[in-house]
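Contents: one structure, followed by commentary.
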Amino acid sequence: MQVANRNREARATVVLAVLCLVLQLALAPNVALGNGRANFALVFTACFALAHGAARSTVVAGFLSGLLFDLSSTSPIGLMAFCLTATGYVLGQSAREQAVGDLASSVVSTAAASLAVALVYHLAMLLVGQTSSIIDALFLRALPTALLTLIAFLPFAYYFSRVRTHGPSLGGGRHSSGSLGGRGL
């Protein structure tokens with residue numbers, strides 16, 4: 001009989017949120033490729049959505065992490081919150097169709113989400129005048145941001161899908177696979 005430990009799941013979520021917040025505030029502004037920076041709010045949203053699937057909490061987690069991103073940057077308030085709310089919903093829906101323990105499909109879906117969020121965000125920044133040209137927005141900001149975000153996501157994906165094999169993992173109280181919710185991460 002497998003017992004779901006909700007306290008362990010909540011503790012893992014809080015640790016993930018605090019770690020991503022600290023990395024977003026301390027590491028992301030200092031590590032750049034072109035004008036792109038890693039988006040740890042998206043990393044948190046992706047991990048949370050792939051762990052909890054199509055739950056209402058994934059949309060709320062995406063909104064809150066996006067709002068914290070907006071409050072800590074010079075972007076318009078609500079832009080990243082909108083992007084990560086939509087991303088949390090879409091990744092949560094796709095988590096149901098992924099095979100158990102399939103790390104590759106989780107990375108591919110997060111890569112697509114990272115590219116989509118970076119494109120929408122930096123094109124919107126072009127529209128509000130914080131980027132000088134479309135070349136700058138697409139090739140010097142959006143693509144490096146998507147790449148750095150995906151690189152930042154890989155250690156989290158590996159940890160939750162391979163290392164934590166004992167007992168239920170982040171949101172995985174119903175499954176015994178040890179991956180993120182047993183849904184592919």
Phi angles of the stretch 143-148, converted by Karplus (6.51 cos²θ - 1.76 cosθ + 1.60, θ = phi - 60°) into ³J(HN,Hα) in whole Hz with x for Gly and Pro, give 5, x, 4, 4, 5, 5
Once you have the Cα-Cα distance between residue 111 and residue 72, take 0.36 nm times their residue separation minus that, and quote the gain in nm to one decimal.
-> 11.7 nm
At each listed q (0.16, 0.19, 0.22 Å⁻¹), what is the log10 of I(q)/I(0) that the Debye formula gives for the stretch 1-124 modelled as equal alpha-carbon point scatterers?
-> -0.77, -1.06, -1.36
Mind listing the Cα extents of the stretch 81-157 along all three principal axes, in Å, largest one first?
-> 44, 22, 15
Pairs of Cα atoms under 8 Å, at least six residues apart: use those to get the relative contact order of the stretch 39-162, whole percent.
-> 27
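Taken together, the values in this text are just the output of simple stated rules run on the coordinates, not laboratory data. Given the structure is predicted, the values throughout are model-derived calculations rather than measurements.
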